[in-house]
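Structure first, then comments.
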Amino acid sequence: MAILILSLFLLSGIMAILILILFFIVQFLYSENSKKTKLVGSILVIIGITSSFILLKHLDDQKRIRGSENIVYRAQKIITKKDPVREVNWKSVVKVISSNFIWGVGADGGIDLLQKERPIMSESYINKHNAHNDYLEIVLRYGIIGISIYLIILGSLIKTAFTSNNYYFMWFLIVFMISSLTESYLQRQVGLVFFVFFSLLFYTQSTFRKIDKIS
């Protein structure tokens, strides 16, 4: 879990961190500890996470380079400005997908096609953004066939997590699937390694649990 937490911070996924906070709170509330321990534990988790955010904000360099913002800055931007960058970006992705729905545009992500659908002065055009949504990204690159295969893989992982009653595996999948709505993790090396490593780790652990029960 310590490695998972560190990985999420390194990924800088806002949604992932928010869901992880919920995970810890639920973990304390539904644990077998006394009510007093649960309350103290939940308070400590909230204080710890809040302190981390405050520290990150304090250390934040106002002359930051675009793309190197910490998680607090990005969260503030979404809350105060409603994240119009992704809205414009997603519109361009959907337009390209509508013309390449079956097979997709290819593994390169169709950046030339996306640029044609974006306003020239938009951030998405200037920085040549990807889809910033794993589901849209997969449909864009590999079409309906690609997303079908991906969903089958996810379905298999979800089934294994629930049949083995592996609580941590369930939460890992929940965190990843929801945070994938705002990030294209699987198109970045760090995101791909993160997903493959923890998926295989928890899947193997759950498989051994089944074997132990049978034996």
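Read-outs: derived from the displayed coordinates by stated rules, not from any lab. Because the structure is predicted, anything quoted here is derived from the model rather than measured. Heads up, the Cβs are rebuilt from the backbone with ideal geometry, glycines too, and the neighbour counts pull from every protein chain shown.
Miscellaneous remarks
- Simple spin-label estimate for TRP103 and ILE126 gives 3.6 nm between the two label positions (7 Å along the Cα-to-Cβ direction from each Cα).
- Estimated FRET transfer efficiency when R0 is 25 angstrom, pair ASN165-TYR135 (beta carbons, to 0.05): 0.40
- Inter-probe distance in nm under a simple model that places probes 7 Å from Cα toward Cβ, at ILE3 and TRP90: 3.3
- In nm, spacing of pseudo-spin labels at VAL196 and LEU181 (7 Å Cα→C-beta vector): 2.8
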